[in-house]
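Engineer: Take a look at this one; I'll ask things after.
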Amino acid sequence: QVQLVESGGGLVQAGGALRLSCAASGRTFSIYAMAWFRQAPGKEREFVATINLNTRSTYYADSVKGRFTISRDNAKNTVYLQMNRLEPEDTAVYYCAADRYTRLSRLQSDYNYWGQGTQITVSS
């Protein structure tokens, strides 16, 4: 099993920045890609970004491309999401997910492990 714990959420004004962290523990050798998803109030959970832990290849949702950056520190078993130029529409609970394969998928069903989520609120 793999455990994921997110941190770094909070309240920020529009135009500001935050960095989320997702620390993985357990059988971390079994995961090859990690991702961030988010769920806004009253909406379905949606894909944000994903990264291949070996090649560092990344893939972003169009809504965050150019503003958000996903990165990883394999020595710390941690993935980050740097969020710049935040907008009120980015308000959501952000979830970290891990995949046992290197698919760089945007599908929730492709991810095997999930964190509990961290709240991001962007005020206008």
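Engineer: For region 74-102, give me each residue that is surrounded by fewer than 16 Cβ atoms within 10 Å (Cβ to Cβ) and over 27 Å from G15 (Cβ atoms).
Structural biologist: N74, A75, K76, R100, Y101, T102
Engineer: Considering region 73-107 alone, what residues qualify as being of a type outside the set (S, T, Y), in a loop (DSSP other than H, G, I, E, B) and farther than 11 Å from C22 by Cβ?
Structural biologist: N84, R85, L86, E87, R100, R103, L104, R106, L107
Engineer: Now for a separate question. Would you mention how many residues in region 22-50 are buried (at least 17 other Cβ atoms within 10 Å of the Cβ), touching a residue at least 60 places away in the same chain (Cβ under 8 Å) and in a strand (DSSP E or B)?
Structural biologist: 9
Engineer: Considering region 51-72 alone, what residues qualify as being open to solvent by less than 10 Å² (accessible area, probe 1.4 Å) and farther than 20 Å from E89 by Cα?
Structural biologist: I51
Engineer: Assuming I70 fulfils every condition listed in (1) assigned to a loop (DSSP other than H, G, I, E, B); (2) under 11 Å from the mean Cα position of the chain (by Cα) apart from one, which condition is it?
Structural biologist: I70 satisfies all of (1) assigned to a loop (DSSP other than H, G, I, E, B); (2) under 11 Å from the mean Cα position of the chain (by Cα) except (1).
Engineer: Among the residues of region 112-124, which ones are crowded, with 18+ Cβ neighbours inside 10 Å and out of contact with any Phe, Trp or Tyr (no Cβ under 8 Å at 6 or more places or on another chain)?
Structural biologist: Result: Y113, V122.
Engineer: Taking the residues in region 108-124 that are among the hydroxyl-bearing types (S, T, Y) and part of a strand (DSSP E or B) as candidates, determine which candidate is nearest to S30 (Cα to Cα).
Structural biologist: If we take residues in region 108-124 being among the hydroxyl-bearing types (S, T, Y) and part of a strand (DSSP E or B), then Y113 is nearest to S30 (Cα to Cα).
The values are calculated or read from the model by the stated rules, or taken from the named source; none is laboratory data. Everything numeric in this text was worked out from a predicted model, so none of it was measured. Cβ coordinates were reconstructed from backbone atoms using ideal geometry, including for glycine residues, and neighbour counts include every protein chain displayed. Each accessible area value is taken on the protein alone, full model and side chains, heavy atoms only, with ligands, DNA and RNA left out. Shrake-Rupley method; radii C 1.70, N 1.55, O 1.52, S 1.80 Å.
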